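Worksheet: one structure, shown below.
Nothing in this text is a laboratory measurement; each read-out follows from the coordinates by a stated rule. Everything quoted here is computed from the prediction, not taken from an experiment. We place every Cβ from the backbone using ideal geometry, glycine too, and count neighbours over all the protein chains shown.
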Amino acid sequence: MRHWATQLSEDYLPDGWERVKSSPFTRVALNRKLQLYYKEFLPRSPAFNLTSKLRGSRATRARENADALLLVGIDAPHSVLWGKLPGGGEYLFTVAAPGEGIDHWLYQTAAIKDAESLGLRRQLLRELGTFIGRVHATGFIHGNLRPDNVLAARLQDQFRFTLLDNERNSRRIPTPGRLLLRNLIQLNMLPLAAVGRTDRMRFFRAWRRQMRELSPVEAKILAVESYQRALRRLPKETVIER
């Protein structure tokens, strides 16, 4: 497996591997047959490299933060192998998690307008709210809670969620409201044509039930602020009500 890391880091694709779109600061590949992901962490800047020496490298944090989630029963990628490359970079092999990003599910159910899709959509949003509420109630804040960083797989009539890209996660108890707000804004960054106001409130009601330490006023402020701030950043579109 280490020889694969060397080859992939040199932009050579061994048999069975394919490139996956990623940020400018990572190199990602997938082996579908083995259900393995390779992720290489590319240097950002000298200042960032200094921070990594103090806080731990990005690869180390990604692995340790995923392990911390798994320890409390929150699904995250399972690490298989990690190490350093000849040029000083680091890599991490993980088991591919099942499912598609929640953005995929929401676009799909918005496009198919029938009773089954509507029911599936409402189930997804309720169970997603419960899942993210559990994450936050346990003290975790995701580093970048974009909709495509939450995978959803439907198993035995229920959704199973997995958190990806955990290298910038943090854990604080009690969790500061500003960090909760940041995560909720990130998750709200879906076009209004895909997720309307009613849909978003389904998610928030389920999320709120997990956040027992929040007063009704605090929860309402977080819900309204995250929606309004995300709305200001989104292009103007027709709002759907579902």
Discussion item. Using the Karplus curve 6.51 cos²θ - 1.76 cosθ + 1.60 with θ = phi - 60°, what ³J(HN,Hα) values do you get for each residue of segment 196-211, in whole Hz, with x for Gly and Pro?
Written reply: x, 4, 5, 4, 5, 5, 4, 4, 5, 5, 5, 4, 4, 5, 8, 9
Worksheet, complete the sentence: One computes Rg over Rh for the chain from alpha-carbon atoms, with the Kirkwood Rh, and obtains 0.99
Discussion item. If you average the alpha carbon positions of segment 87-102 and of segment 117-142, how far apart do those two centres end up, in angstrom?
Written reply: 22
Worksheet item: Label H104 and D157 with points 7 Å out from Cα along Cα→Cβ: what is the distance between them in nm?
Response: 2.5
Discussion item. With viscosity set to 1.567 mPa s at 4 °C, what whole-number translational diffusion coefficient in µm²/s follows for segment 2-95 from Stokes-Einstein and a Kirkwood radius over Cα pairs?
Written reply: 93
Practice prompt. Please build a GNM for the chain, connecting alpha carbons under 10 Å apart, and tell me which residue among E64, E40, E18 fluctuates the most.
Written response: E18
Worksheet item: Using the Cβ atoms and a cut-off under 12 Å, what net charge is assigned to the surroundings of E225, where Lys and Arg are +1 and Asp and Glu are -1?
Response: +4
Worksheet, complete the sentence: Diffusion coefficient in µm²/s returned for segment 100-233 by Stokes-Einstein, Kirkwood Rh over C-alpha pairs, 10 °C and 1.306 mPa s, is 106
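Using Cα-Cα distances under 8 Å and only pairs 6 or more residues apart, what relative contact order does the chain have, in percent?
17
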Practice prompt. Report the local net charge at G16: Lys and Arg +1, Asp and Glu -1, summed over other residues whose C-beta lies under 11 Å from its C-beta.
Written response: 0
Discussion item. Report the Cα-based extents of segment 83-137 along its three principal axes, largest first, to the nearest Å.
Written reply: 55, 30, 14
Item to complete: Sort segment 155-242 into rounded, prolate or oblate with this rule: let a ≥ b ≥ c be the square roots of the eigenvalues of the Cα gyration tensor; rounded if a/c is under 1.5, and if a/c is not under 1.5, prolate when a/b is larger than b/c, oblate otherwise.
Response: rounded
Worksheet item: Per residue of the chain, what 222 nm ellipticity follows from adding -39500 (n - 2.57) for every DSSP H run with n ≥ 4, rounded to the nearest 500?
Response: -14500 deg cm²/dmol
